[in-house]
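The structure appears below as structure tokens.
The values are calculated or read from the model by the stated rules, or taken from the named source; none is laboratory data. Computed from a prediction, not measured in an experiment: that's the story for all the values here. All Cβ positions, glycine included, derive from the backbone under ideal geometry; neighbour counts span all protein chains shown.
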Amino acid sequence: MKVQDLLTAAIRRIEPHSETPQLDAQVLLAHVTGKNRAWVVAHPEFEMDAGRVEPLLKKLEKGEPLPYVVGKWEFFGLEFDLTNDVLIPRPETELLVEKAIAWLKAHPGKRSVVDIGTGSGAIAIAIAKHVSDARILATDISPDALQVARRNAEKSHVQDRIEFVECDLLPMLNVERSTFNVICSNLPYIPTETLRSLPIFEREPTLALDGGTDGLDIYRRLFKLAPERLAPQGIMLLEIEASLGMQILSLAYDSFSEVKIHLHKDLAGLDRLLEITLL
């Protein structure tokens, strides 16, 4: 069957389940052919076996997210292997990575970084690829997520520069490694009831999404730990739920003294990143 005919059929079947059916169909065929999207678009007459596409289309029709169907996704110019044990990396999280890299490059003497709730390892690995002398600790409460993160670190050839630790938020460390210059995290931040109404509910790991009654439960816990774990003149970079900007800003001011706090907006103009800098 020709690629063009397969694309047309795939788009028709994906459309009820996706906001970007054409893009999804191209990604799907690129995955099956082992080529990239540009190749798929440029070779509409190429003959391929429709039987290789059918089982993947059935998964999409059942509501399984495309990144899980193809088992990989791009983030910050890197390809990450995925399973349903980890969140799908999203473009808005790149803002956090950009800020962390820029800060580290502007402070060459400060190299200790922790990525809390690392999931697929996207944040930690992206930082490691762009700041070669950073010393990175990546934590997660899920052992299955850490397995995925370790594989991705090896895939990006940064496994020697990231230590992965299974723990709840931050581990107990010795005195020499008790503080960090950069604390970054994409914590679970969706209020429980809101999450239950979203399409991602039970399709991506609830453990990585559910932020409690008001979405701030885990932030409260982290803010109790952070003052003792953030090094002098250190920085915290935390992705947030866009609708909770003012609430988390107030919580941060109540939790810290002698800090500079700033909310950054994403490309859509929504509150997306909380920056806390110790003075």
* To do: Report whether or not Arg203 is closer than 21 Å to Met172 by Cα, of a type in the set (D, E, K, R) and touching a residue at least 24 places away in the same chain (Cβ under 8 Å).
  => no
* Considering only the range 224-249, state which residues are within 19 Å of Ile183 (Cα to Cα) and surrounded by fewer than 15 Cβ atoms within 10 Å (Cβ to Cβ). => Lys224, Leu225, Pro227, Glu228, Pro232, Gln233
* Going through the range 221-278 one residue at a time, which ones are in contact (Cβ under 8 Å) with a residue 12 or more places away in the chain, out of contact with any Leu (no Cβ under 7 Å at 6 or more places or on another chain) and either under 24 Å from Met172 (Cα atoms) or not assigned by TED's automatic domain parsing to the domain that holds His107 (or both)? -> Lys224, Ala226, Pro227, Glu228, Ala231, Ile235, Ser255, Phe256, Ile276, Thr277
* Could we say that Val113 is at pLDDT 95 or above and not assigned by TED's automatic domain parsing to the domain that holds Gly211 here? -> no
* If you check Asp210 against the conditions, is it without any contact (Cβ under 8 Å) to a residue 60 or more places away in the chain, in the same structural domain as Ile125 (by TED's automatic domain parsing), closer than 25 Å to Gln247 by Cα and not small (Gly, Ala, Ser)? -> yes
* Asked: Which one of Val40, Val97 is among the hydrophobic types (A, V, I, L, M, F, W, C) and more than 30 Å from Gly117 (Cβ to Cβ)?
  -> Val40
* Tell me which residues, restricted to the range 116-163, are free of Cβ contacts under 8 Å to residues at least 60 places away in the same chain, at positive phi and surrounded by 22 or more Cβ atoms within 10 Å (Cβ to Cβ). => Gly121
* Working only within the range 174-207, note down all residues that are closer than 27 Å to Ala102 by Cα, at pLDDT below 85 and surrounded by fewer than 20 Cβ atoms within 10 Å (Cβ to Cβ). => Glu176, Arg177, Ser178
